[in-house]
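Since the structure comes first, as structure tokens, the remarks are kept for the end.
The values are calculated or read from the model by the stated rules, or taken from the named source; none is laboratory data. What you are looking at is a predicted structure, and each value in this text was computed from that prediction instead of being measured. For neighbour counting, all protein chains shown are included, and Cβ atoms are generated from backbone atoms with ideal geometry for every residue, glycine included. The protein model used for the area step is the full one, side chains on, heavy atoms only, and it has no ligands, DNA or RNA in it. Shrake-Rupley method; radii C 1.70, N 1.55, O 1.52, S 1.80 Å.
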Amino acid sequence: MLTLDDFLETGALLTGHFRLSSGLHSDRYLQCARLLMWPQRAESAGRELAAKLAEFSPEAVVSPALGGIVVGHEVARALGVRALFAERKDGVFAFRRGFALGPGERVAVVEDVFTTGGSTREVCATVDAAASVVVVGSLVDRGLSPDAFPVPARTLLSVQVPSWPAEECPLCADGEPLEVPGSRRRE
């Protein structure tokens with residue numbers, strides 16, 4: 001079972017002053033890539049999340065690039081379905097590289113971390129233009145509201161980590177240097 005200890009053991013729980021891909025600031029960052037760089041841990045987490053998504057009978061798994069690709073692949077492997085990813089083109093998620101979904105195809109959208117749910121909702125909109133999202137899932141939920149998505153959401157680990165808009169960030173007020181560790185940099 002995935003626990004916070006897994007993040008500590010792999011150096012995936014960072015402390016400092018971070019700007020999240022949502023634009024919010026936080027004093028902790030869950031760098032899932034540090035956890036998922038270990039194939040056995042990635043496979044185990046993928047199997048565990050797949051078990052929570054299986055009841056929705058997805059026929060494909062779609063993840064946002066870059067952070068969701070590894071976990072999405074492992075979930076798809078455990079479910080025995082295709083793994084696709086959406087990537088940003090001109091600031092909007094789109095399918096590229098020949099990826100396509102069929103009308104009515106049942107899709108699980110899988111992410112590494114839910115913070116505001118923004119990237120997941122964007123990928124859901126991309127999927128819904130071609131197929132049907134039936135569930136969303138993540139390794140970690142940083143405190144998302146239960147009604148954040150129009151479909152059921154499943155996660156392996158819920159962690160209450162404070163985050164603030166930049167103008168309300170106490171770390172900014174203290175002059176702490178800001179790090180931007182995610183794949184979507186907003187300079």
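With respect to the chain, whose longest principal axis is taken over its alpha-carbon atoms, helix 39-53 is tilted by about 60°.
Hey, what D do you get for region 1-41 in µm²/s if you plug the Kirkwood alpha-carbon radius into Stokes-Einstein at 20 °C and 1.002 mPa s? Numbers along the way, then the final one.
Details: Rh = 10.8 Å.
The estimated diffusion coefficient comes to 198 µm²/s.
Helix 69-79 and the long axis of the chain differ in direction by around 40°, with both axes built from C-alpha atoms. Under a 5 Å amide H cut-off, with hydrogens placed 1.01 Å from N, Glu59 pairs with Arg106, Val107, Ala108 among residues at least 5 apart or on other chains. In the context of the full set of protein chains, the chain has a per residue accessible area of 49 Å² (1.4 Å probe). What the phi angles of region 164-178 give under the Karplus curve with 6.51, -1.76 and 1.60, with θ = phi - 60°, is a coupling list of 9, x, 3, 6, 10, 6, x, 6, 5, 4, 7, x, 5, x, 9 Hz, glycine and proline written as x. For region 28-122, the calculated P(r), taken from all Cα-Cα distances in 10 Å bins from zero up to the bin holding the longest distance, is 17, 50, 31, 3, 0 percent.
You can think of it this way: the chain between Arg34 and Cys172 has 47.1 nm of extra reach, that is 0.36 nm per residue less the Cα-Cα gap. Extension gain, Ala148 to Glu179, is 8.5 nm, computed as 0.36 nm per intervening residue step minus the present C-alpha separation. State the antiparallel share, in %, of DSSP beta bridges confined to the chain, rounding to the nearest 5. Restricted to the chain, the bridges split so that about 30 percent are antiparallel. Shown are Phe95, Phe114, whose ranking by accessible area with a 1.4 Å probe and every protein chain present, most to least, is Phe95, Phe114.
Taken along the Cα-to-beta-carbon direction at a fixed 7 Å, the label points for Val159 and Asp90 span 3.7 nm.
Based on DSSP H runs of at least 4 residues, each adding -39500 (n - 2.57), what is the mean residue ellipticity at 222 nm of the chain after dividing by all its residues, to the nearest 500 deg cm²/dmol?
Details: 6 runs with 52 residues, N = 187.
Computed ellipticity for the chain at 222 nm equals -7500 deg cm²/dmol.
Give me the percent of accessible area attributable to carbon and sulfur for the chain, probe 1.4 angstrom. That share works out to 51 percent. Each residue of region 123-135 was assigned a 3J(HN,Hα) from its phi angle through the Karplus expression (A = 6.51, B = -1.76, C = 1.60, θ = phi - 60°), giving 5, 4, 5, 5, 5, 4, 5, 10, 9, 9, 6, 10, 6 Hz with x at Gly and Pro. Close amide H pairs (under 5 Å, H built 1.01 Å from N) link Met37 with no residue at least 5 positions away or on another chain.
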